[in-house]
Ligand code: SF4
Ligand code: MG
């Protein structure tokens, strides 16, 4: 998911709509905005579909007045997966004795089922199936008077990943979980401030990137002042390495590093680890493009657009149902036949999850007359589900969970198949000595099975530790 918030500017909701549009790659199912105006109170709008199809309409934006607003773009990882109801669309809003608050959450709460049971037993009335709603109910039960303290109380009970943007009548609040699994950044926007999942959304509204919210930090912005709090016990950060590989936009800066440059470097590493003789290096667009450029630069094999992407399709993976995903590949990608015929082609993609995409692409490319197809993948084999906000399927559906690399190569019908090593990936994100097995610098659980937080609700879902 993507979160964005703005304070201290006129018509804050318009900026939030812009920011959410730039974060659309983080969630395409639905979006929502809450704003506050002293004369009109809190207002909210939640809609299915793209930001640009909803939050560009003047009639809708007129219902969201005020100088303080937050928003969310949704991609379902918990709750009613693939069957989002409008009640599951964030931001969520709660009315407390000291006034209301709205929150937008990116991440995944691993003890949400347990918390929900407990809260329902004690009288909470849940409105949605979302794990994030727990936070509002926990806040309601807190005995603290002020919203930031209520939030701190609530979040101390929450396990898992959260990057949150929240607001009261006067405050804009940003929080990151102690591991800092999901990104969150602070920017200066005119006389006000903006909080965003990624820097690319600051760029779109002309905000200046100031800094990241640190893992375990809460910032409270009120009357033009930013105060920083440390409500949690300090832990060693474990940022999601997959944000670098796929999830974030290539024009964003994560942890002081250009995502594009990291992806290009992954391609360089891949070319060193798994060279092969061929005529062309082609990306599976768009997610494989920077790595293909790096592979081509390092290997000296020409880069070419052997697969053309229909720009009017969203991200395949994020499509929640199997059927749409299957269709999705053909709707989205087509082979550039004239270029491919008779060639030995290296295809570079970011990941193999179920293998659906790879099989379709191999069919399409052989069909177009390619002589050989070599796959190079910009991440290690995805062998474990993510419990922290990326929608990987159950373990049985992950190709790498049941097959070795050789078996995957045969199953996918490739002439060769290679994944970047975990150490190669760490080198590409700037860890020159590779992964520290004792204290891994990132979360890489979907590749390594080394989960930084035990998913309390996930044990029966095939989790092993
Ligand atoms: Fe990121 Fe993978 Fe960890 Fe999930 S399991 S947070 S996708 S690295
Ligand atoms: Mg892709």
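The values are calculated or read from the model by the stated rules, or taken from the named source; none is laboratory data. Only a predicted model underlies this, so the values are computations on that prediction, with no experimental measurement involved. As a convention, Cβ positions derive from the backbone with ideal geometry for all residues, glycine included, and neighbour counts pool all protein chains shown.
Observations, loosely collected:
- Single match in 400, 433, 338, 370 (criterion: within 30 Å of residue 109 (Cβ to Cβ) and away from ligand 1 (no atom under 12 Å from the Cβ)): 400
- The lone exception for residue 407 - which of (1) in contact with a strand residue (DSSP E or B) (Cβ under 8 Å, 6 or more places away or on another chain); (2) surrounded by fewer than 23 Cβ atoms within 10 Å (Cβ to Cβ); (3) not in a loop (DSSP other than H, G, I, E, B) it fails: (1)
- Residue satisfying condition, being under 30 Å from residue 346 (Cα atoms), at pLDDT below 95 and either within 16 Å of ligand 2 (Cβ to nearest atom) or not assigned by TED's automatic domain parsing to the domain that holds residue 423 (or both), within set 252, 287: 287
- Each residue in the range 341-361 was checked for being in contact (Cβ under 8 Å) with a residue 60 or more places away in the chain and in a helix (DSSP H, G or I), and 2 pass.
- Every residue from the range 435-457 that is in contact (Cβ under 8 Å) with a residue 12 or more places away in the chain and assigned to a loop (DSSP other than H, G, I, E, B): 435, 439, 440, 441, 444, 449, 451, 452, 453, 454, 455
- Restricting 413, 434, 369 to those that are under 23 Å from residue 181 (Cα atoms) and either more than 23 Å from the chain's Cα centre (by Cα) or in the same structural domain as residue 111 (by TED's automatic domain parsing) (or both) reduces the list to 434.
- Between 277, 269, 319, 298, the distinction of being in a loop (DSSP other than H, G, I, E, B), modelled with pLDDT of 95 or more and not assigned by TED's automatic domain parsing to the domain that holds residue 27 belongs to 277 only.
- Pick from the range 362-378, criterion part of a strand (DSSP E or B) and out of contact with any helix residue (DSSP H, G or I) (no Cβ under 9 Å at 6 or more places or on another chain), ranking: surrounded by the fewest Cβ atoms within 10 Å (Cβ to Cβ): 372
- Criterion (buried (at least 22 other Cβ atoms within 10 Å of the Cβ), under 19 Å from residue 358 (Cβ atoms) and modelled with pLDDT of 95 or more) met by exactly one of 307, 241: 307
- Any hit, the range 77-91, residues being in contact (Cβ under 8 Å) with a residue 24 or more places away in the chain, more than 25 Å from residue 249 (Cβ to Cβ) and assigned to a strand (DSSP E or B): no
- All conditions in (1) within 28 Å of residue 1 (Cβ to Cβ); (2) more than 16 Å from ligand 1 (Cβ to nearest atom); (3) surrounded by fewer than 17 Cβ atoms within 10 Å (Cβ to Cβ) hold for residue 265, with the sole exception of (3).
- Hey, residue 241 away from ligand 1 (no atom under 16 Å from the Cβ), touching a residue at least 24 places away in the same chain (Cβ under 8 Å) and in contact with a strand residue (DSSP E or B) (Cβ under 9 Å, 6 or more places away or on another chain) or not: no
- Condition met for residue 127 (free of Cβ contacts under 8 Å to residues at least 24 places away in the same chain, in a loop (DSSP other than H, G, I, E, B) and more than 24 Å from the chain's Cα centre (by Cα)): no
- Pairing residues of the range 304-320 that are on the phi > 0 side of the Ramachandran plot with residues that are in a loop (DSSP other than H, G, I, E, B) and modelled with pLDDT under 70, at Cβ distances under 7 Å and at least 6 apart in sequence or on separate chains, gives no pairs at all.
- Any hit, the range 293-300, residues being surrounded by fewer than 24 Cβ atoms within 10 Å (Cβ to Cβ) and within 24 Å of the chain's Cα centre (by Cα): yes
- Conditions (1) part of a loop (DSSP other than H, G, I, E, B); (2) closer than 25 Å to residue 182 by Cα; (3) more than 14 Å from ligand 1 (Cβ to nearest atom): number failed by residue 393: (3)
- Among the residues listed as 113, 153, the single one being surrounded by fewer than 18 Cβ atoms within 10 Å (Cβ to Cβ) and touching a residue at least 24 places away in the same chain (Cβ under 8 Å): 113
- Of all residues making up the range 393-413, the number that are in contact with a helix residue (DSSP H, G or I) (Cβ under 6 Å, 6 or more places away or on another chain) and within 16 Å of ligand 2 (Cβ to nearest atom): 2
- For residue 425: the one exception among (1) within 12 Å of ligand 1 (Cβ to nearest atom); (2) in a loop (DSSP other than H, G, I, E, B): (2)
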